1. Checking Glu71 against (1) modelled with pLDDT of 95 or more; (2) open to solvent by 50 Å² or more (accessible area, probe 1.4 Å): exactly one of these is not met. Which one?
2. Report, by residue number, each residue of region 96-130 that is in a strand (DSSP E or B) and touching a residue at least 40 places away in the same chain (Cβ under 8 Å).
3. Test Pro96 against the stated conditions and say whether it is at pLDDT 90 or above, surrounded by 20 or more Cβ atoms within 10 Å (Cβ to Cβ), out of contact with any Gly (no Cβ under 9 Å at 6 or more places or on another chain) and under 23 Å from Val183 (Cα atoms).
4. Is at least one residue of region 149-158 assigned to a strand (DSSP E or B), open to solvent by 60 Å² or more (accessible area, probe 1.4 Å) and touching an Asp or Glu at 6+ places or on another chain (Cβ under 8 Å)?
5. Mind listing whichever residues of region 159-184 are assigned to a helix (DSSP H, G or I), modelled with pLDDT of 90 or more and open to solvent by 10 Å² or more (accessible area, probe 1.4 Å)?
Amino acid sequence: MFLQYYFALGESDTAAVRRVRETVRYFLGCREVSTAESEHGFLIVPGHPVDHGALADLMAEAVRNVGRATEVPDRHLITPMLGFDFACAWDKATAPVCPRCRTPLDGWDEEDWMYGAEPFETCGSCEYTALAGDWDLTNASFAKTNCAVALLDWPNLWEYAREVHEHALGLIGRRARYLCGTVG
């Protein structure tokens with residue numbers, strides 16, 4: 001099972017619901033199209049009609065589940081998440097990676113962030129220092145937010161549909177991040 005999370009760090013204001021709704025609407029309008037022109041044999045194309053009933057149902061469920069974490073959203077291909085801090089455990093997860101020199105964070109202890117404020121971390125190789133969320137979290141085992149959209153068993157958008165991926169990050173929030181992995 002392949003999971004992708006689009007989330008925004010520190011997003012817990014009232015506008016977070018609107019941003020999640022717009023991100024879900026965008027994904028509901030995306031379709032996988034088979035094409036011989038794509039080296040992967042498919043292409044994700046946005047801009048298709050959106051089922052507004054499905055959008056309303058998904059957002060109503062997200063509001064009903066505020067405060068309850070869903071580690072693996074197993075009921076929907078698109079799952080909006082609101083009002084909780086969430087953690088994701090992946091098979092073969094790695095520590096956050098330094099965005100400057102690509103060195104994994106030495107001694108990463110996600111519990112510092114899980115149970116407290118977002119910590120500052122320093123790279124042992126190049127001395128880059130920033131909040132944990134400003135490191136590359138793509139394959140990390142943990143991220144904490146109040147505003148997210150999870151995609152279950154979609155093609156890897158970061159790798160195969162870069163424009164869709166970038167647009168979704170722009171919709172989800174000011175400190176938008178991406179986390180993906182396989183759950184076994």
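The values are calculated or read from the model by the stated rules, or taken from the named source; none is laboratory data. What you see is a predicted model, and the numbers here were worked out from it, not measured in a lab. Here Cβ is always computed from backbone atoms with ideal geometry, including for glycine, and neighbour counts include all displayed protein chains. Areas reflect the complete protein model, heavy atoms only, side chains present, ligands, DNA and RNA absent. Shrake-Rupley method; radii C 1.70, N 1.55, O 1.52, S 1.80 Å.
1. Here Glu71 clears every test but (1).
2. Of the residues in region 96-130, the ones in a strand (DSSP E or B) are 97, 104, 120-122, 129-130.
Scanning region 96-130 gives a single hit, Val97.
3. Values: at pLDDT 90 or above: yes; surrounded by 20 or more Cβ atoms within 10 Å (Cβ to Cβ): yes; out of contact with any Gly (no Cβ under 9 Å at 6 or more places or on another chain): no; under 23 Å from Val183 (Cα atoms): yes.
Here the answer is no, as Pro96 does not meet what is asked.
4. Our first condition is that a residue be assigned to a strand (DSSP E or B); within region 149-158, this holds for 149-152.
Narrowing the set further to residues that are open to solvent by 60 Å² or more (accessible area, probe 1.4 Å) leaves none.
Looking through region 149-158, none of the residues is assigned to a strand (DSSP E or B), open to solvent by 60 Å² or more (accessible area, probe 1.4 Å) and touching an Asp or Glu at 6+ places or on another chain (Cβ under 8 Å).
5. Quick first cut of region 159-184, residues assigned to a helix (DSSP H, G or I) only: 159-160, 162-172.
Next cut, modelled with pLDDT of 90 or more only: 162-172.
Arg162, Glu163, Glu166, His167, Leu169, Gly170, Leu171, listed by residue number.
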